[in-house]
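What follows is calculated from the coordinates using simple rules that are stated; it is not laboratory data. Note that the structure is predicted; figures quoted are calculated from it, not measured.
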Amino acid sequence: AFVDVLTDAVEAAGANAVPVFCGSLRAMAPDAAAELRGILAGCDTVITTVLAAGGATPTDDDDSWDAGALAQLDVPVLQGLVLTSSRAEWDASDAALSPMDAGMQVAIPEFDGRLIGVPFSFKETGQDGIPVYAADPERAARVAGIATSLARLRSEEHTSELQSHHD
């Protein structure tokens, strides 16, 4: 559901959202990894909500996903923070992020070259006491705004490069 809220926010910001769901980017089958790269190659910005780190080398075989594949797309990759705490815990915290969230959602993604967005989804207690990730629509709109601004800047940069090559 939190991806649906983010998708709606991206659409409301005037961009075309292409939500992609997968269990892991770490050890994908080669054909699935190639298909994912093909989908993402058509995007002007990528928002990821998962760690997506594959390490310095692919895991099982030469065609497995690795973190460098995101960098090869040559598009801004934005980390949308999906926190492991509730919205109330996040609001009340002086530290804002738990050590785990700071590491998994900020530090490691930065090492992978991602831009860090803002928290937009929080772990809440759902029906029957089962934890669920719930997006805050206003914060999802902030992530969408950052992503669409990055896409616009990238588009303007490419247009400028094309014009200078034409001149």
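Numbers for the structure displayed
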read-out: The range 1-16 and the range 74-134: distance between their alpha carbon centers, rounded to Å; value: 18 Å
read-out: Debye intensity ratio I(q)/I(0), log10, the range 89-131, q values 0.15 Å⁻¹ (C-alpha model); value: -0.48
